[in-house]
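Have a look at the structure below before the remarks.
The values are calculated or read from the model by the stated rules, or taken from the named source; none is laboratory data. Note that the structure is predicted; figures quoted are calculated from it, not measured. Cβ: placed from backbone, ideal geometry, glycine included. Neighbour counts: every protein chain shown. These area figures cover heavy atoms from the full protein model, side chains too; ligands, DNA and RNA do not enter into them. Shrake-Rupley method; radii C 1.70, N 1.55, O 1.52, S 1.80 Å.
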Amino acid sequence: MTKLYYDKYWKDQEELSDLPYKWPILKELLPDAALDFLDFGCGKGVITKKVHELRPAYSISGVDISQKALMVAQKKVPSGTFNVITETQKIPFPTNTFDFILASDVLEHIYDTKTAFQELSRVLKPNGSLLISCPYNGKLKLILAILFGFEFYFDPNSPHIRHFSPKTLSTCVKNVGLTVQKIGYYGRFYPLSKGMYLLAYK
């Protein structure tokens, strides 16, 4: 069911609405060195392509639950390796494969986040880095959302099924043996930021 949902989702999803204010932040966190890079939940490869253009020395791979989206991503980055991730959520790569993993606005779409974090840690090399971005949720923002935009924020048709705060995201990362290096925010202004990022290492 999840696969069918995201096949439909990506069919009409051409661009990422948050890209103009998210990408300028994320790109500064990408190491300037040749390395093995994974875009976890790459979708149609919009960000994957930007990473490839910015860091052509990277060996790029991408995974997503939607085979249809991956076909588009492959065309955007022909030299990349793209594999479908099944409902088991096992990332189809050996343990300790990647130097750097990007999980950009994907974890809030996942039911079994515990397995997702375990898998991200498994395929990350020792001393490798994990960069996560997701919608920001803080107490003040949620209070205002409940008062003035409850139906919009908690739209039952939204693909977002998880809501992370800096504390809960940090806990998920620490639970799989990673160390938080940096947390930041983008879009609007803190503490009403639209998104947040977390950089961690193994």
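Things to note:
- Label point at residue 201 placed 7 Å out along Cα→Cβ; residues across segment 49-72 whose backbone nitrogen lies under 20 Å: 58-59
- Accessible area of segment 55-100 divided out per residue, in Å², using a probe of 1.4 angstrom: 49 Å²
- The phi torsions of segment 58-64, fed into the Karplus equation with coefficients 6.51, -1.76 and 1.60 and a -60° offset, translate into couplings of 5, 8, 9, 10, x, 10, 7 Hz, rounded to whole numbers, with Gly and Pro shown as x.
- Sequence-separation-based contact order of segment 31-140, relative, with Cα cut under 8 Å and 6+ spacing, percent: 26 percent
- Taking the chain and dividing mean pair separation by its residue count, relative contact order in percent (alpha carbons under 8 Å, at least six apart): 18 percent
- Across 162, 188, 55, mean-square fluctuation computed from a Gaussian network of the chain (C-alpha pairs under 10 Å connected) peaks at 188.
- Using θ = phi - 60° and Karplus 6.51 cos²θ - 1.76 cosθ + 1.60, couplings along segment 127-133 (whole Hz; Gly, Pro as x): 6, x, 10, 10, 10, 10, 10
- Backbone HN-Hα couplings from phi across segment 87-92 [Karplus 6.51/-1.76/1.60, Hz, Gly and Pro as x]: 4, 6, 6, 6, 6, x
- Stretchable slack from residue 183 to residue 33, in nm (0.36 nm times residue separation minus alpha-carbon distance): 51.8 nm
- Projected label points at residue 18 and residue 174, each 7 Å from Cα along the beta carbon direction, are separated by 2.3 nanometres.
- Placing +1 on the Cβ of every Lys and Arg and -1 on the Cβ of every Asp and Glu, with no other charges, gives the chain a dipole of roughly 300 debye about its Cα centre.
- Binning the C-alpha pair distances of the chain at 5 Å intervals from 0 yields a P(r) profile of 1, 7, 16, 20, 22, 18, 10, 4, 1, 0 %, listed from the shortest bin outward.
- For the chain, the fraction of 1.4 Å probe accessible surface lying on carbon and sulfur atoms is 58 percent.
- Over the chain: helical MRE at 222 nm, DSSP H runs n ≥ 4 each giving -39500 (n - 2.57), nearest 500: -10000 deg cm²/dmol
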